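To start, the structure itself, in structure tokens.
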Amino acid sequence: MYNYNKYLKEKSQRLRRNLTHSEKIFWNEVRARRFEGLKFIRQFPLGPFIFDFYCPEKSLLIELDGETHLEEEVRENDLKKDNFARVNGFILLRFKDEVIEESVGKVLEKIKEVVL
């Protein structure tokens, strides 16, 4: 479906070892099928991008956006990721880091609303 990219695979492995604080919080809630029995994969390479989390059963991509996502270059890349996801039939949800850190439960409820 998508070309294998050795560089992205290696980068995603590095990112998995160095999760942000909000990624750790979210991962703790969804790992090992803890959330609605769904499988989530961290730092998933897909096409030319790496997405923070991927749920294959629901074709769901999740991005957690920190302060760097306010920078113009990062915002442009986010738009490309959004478009890639949409064109290829994925659902992409974005959440700000502070929302995860303040109330991960609300984030999980939003995910339920969208995919269940």
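The values are calculated or read from the model by the stated rules, or taken from the named source; none is laboratory data. None of the values given here were measured: they were computed from a predicted structure. We place every Cβ from the backbone using ideal geometry, glycine too, and count neighbours over all the protein chains shown.
Taking the range 1-56, which residues are over 22 Å from L79 (Cβ atoms), part of a helix (DSSP H, G or I) and basic (K, R)?
Hits for the range 1-56 are K6, K9, R14, R16, R17, K24, R31, R33.
Could you tell me whether any residue of the range 52-74 is over 27 Å from E102 (Cβ atoms) and touching a Ser or Thr at 6+ places or on another chain (Cβ under 7 Å)?
Checked the range 52-74: no residue is over 27 Å from E102 (Cβ atoms) and touching a Ser or Thr at 6+ places or on another chain (Cβ under 7 Å).
Yes/no matrix, rows are residues, columns are (1) touching a helix residue (DSSP H, G or I) at 6+ places or on another chain (Cβ under 8 Å); (2) assigned to a helix (DSSP H, G or I); (3) at pLDDT 95 or above:
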position: E73; (1), (2), (3): no, yes, no
position: N77; (1), (2), (3): no, yes, no
position: V99; (1), (2), (3): yes, yes, yes
position: G105; (1), (2), (3): no, yes, yes
position: E113; (1), (2), (3): no, yes, yes
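Filter the range 57-71 down to residues that are part of a strand (DSSP E or B) and among the aliphatic types (A, V, I, L, M) and give me whichever is nearest to N18 (Cα to Cα).
For the range 57-71, the residue satisfying everything is L64.
Evaluate the range 1-12: report whether one residue or more is aliphatic (A, V, I, L, M), within 23 Å of K112 (Cβ to Cβ) and touching a residue at least 40 places away in the same chain (Cβ under 8 Å).
No: zero hits.
Check off (1) at pLDDT 95 or above; (2) of a type outside the set (D, E); (3) surrounded by 15 or more Cβ atoms within 10 Å (Cβ to Cβ); (4) assigned to a helix (DSSP H, G or I) for N83 and give me the number that stays unchecked.
(3)
Looking at the range 57-86, I want the residues that are farther than 17 Å from W27 by Cα and have a partner that is of a type in the set (F, W, Y) and surrounded by 13 or more Cβ atoms within 10 Å (Cβ to Cβ) with Cβ atoms under 6 Å, at least 6 apart or on another chain. Which pairs are those?
Every condition considered, the pairs that remain are S59/F90; K81/F49.
Pull up the range 87-109, narrow it to residues that are charged (D, E, K, R) and more than 14 Å from the chain's Cα centre (by Cα), then point me to the one that is farthest from H21 (Cα to Cα).
Only one residue fits best here, namely E109.
Only one of (1) over 12 Å from the mean Cα position of the chain (by Cα); (2) at pLDDT 80 or above fails for Y4. Which number is that?
In the conditions (1) over 12 Å from the mean Cα position of the chain (by Cα); (2) at pLDDT 80 or above, Y4 misses (2) alone.
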